[in-house]
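Novice: Dumping the structure here so I can ask a few things about it.
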Amino acid sequence: MDCSPPCTKENQSLPSDQASVKILDAPDELEAKSDSTADGRVLRARIYLCVIYLSMFLEGWNDGTSGPLLPRMQKFYGVGFLVVSLIFVVSCVGFIVGSIFNLYLHDRLGFGRMIVLGYLLQLVAFCIQAPAPPFPLFVFSYVFNGFGLAVQNAQTNAYVASLRHNSELYMGILHAM
């Protein structure tokens, strides 16, 4: 039976050949590396924010186009105002379902995959709507659209609220979109 202590970083032996030992950089070089790393993180965070702002702008555009298109949908599908308004009800149902499942899915998939899921669900909805399918399928596609919007809203709000600096300002900009 082996009674030696478990191998840890403290009790590992150092390599005997000196060429494999890394010499630490000078303090100036370390500061320069950390500054460039910090600059990279700041740039990446700004890119993330710009993409989030663009997605929220497109969400608003998506929501804003349904209303003006109602007369055209009524004429194309030959339905009344009350029936064509089902797209708003079904979209709301999709949004509520998306809100309910958001936390569960976030724990399973993570932030990045959830954002992609939201975009993909909206893409599915738009691909169904584009060729002008039969009206019941057209209305049902709004479930995917609402679910995707709910996921995007929750994830983008959580991301921006978790920023360390100026999160209030960035949330204000986000909701102004």
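The values are calculated or read from the model by the stated rules, or taken from the named source; none is laboratory data. Everything quoted here is computed from the prediction, not taken from an experiment. Positions of Cβ are backbone-derived with ideal geometry, glycine not excepted, and every protein chain shown enters the neighbour counts. Note: areas computed on protein heavy atoms with side chains; ligands, DNA, RNA excluded. Shrake-Rupley method; radii C 1.70, N 1.55, O 1.52, S 1.80 Å.
Novice: Regarding LEU169, is this residue on the phi < 0 side of the Ramachandran plot and open to solvent by 40 Å² or more (accessible area, probe 1.4 Å)?
Specialist: Taking the combined requirement at face value, the residue satisfies it.
Novice: Taking the conditions exactly as written (polar (S, T, N, Q) and either touching a strand residue (DSSP E or B) at 6+ places or on another chain (Cβ under 9 Å) or modelled with pLDDT under 90 (or both)), does SER162 satisfy them or not?
Specialist: So SER162 fits the description; yes.
Novice: Of the residues that sit in region 128-156 and are within 24 Å of the chain's Cα centre (by Cα) and in contact (Cβ under 8 Å) with a residue 60 or more places away in the chain, which one is farthest from LYS75 (Cα to Cα)?
Specialist: It comes out as THR156.
Novice: Between a first residue in region 72-99 that is at negative phi and a second residue that is surrounded by fewer than 13 Cβ atoms within 10 Å (Cβ to Cβ) and in a helix (DSSP H, G or I), which pairs have beta carbons less than 8 Å apart while being 6 or more apart in sequence or on different chains?
Specialist: GLN74/PHE81
Novice: While we're on this one: Inside region 113-150, can you point out the residues that are in contact with a Gly (Cβ under 9 Å, 6 or more places away or on another chain), β-branched (Val, Ile, Thr) and closer than 18 Å to ILE100 by Cα?
Specialist: VAL143
Novice: Consider ALA38 carefully, then state whether it is crowded, with 16+ Cβ neighbours inside 10 Å and in a helix (DSSP H, G or I). Please lay out each step first, then the result.
Specialist: Details: crowded, with 16+ Cβ neighbours inside 10 Å: no; in a helix (DSSP H, G or I): yes.
No: the conditions fail for ALA38.
Novice: Out of region 58-83, which residues are aromatic (Phe, Trp, Tyr) and closer than 21 Å to ALA130 by Cβ?
Specialist: If the condition is that a residue be aromatic (Phe, Trp, Tyr) and closer than 21 Å to ALA130 by Cβ, then TRP61, PHE76, TYR77 are the ones that fit.
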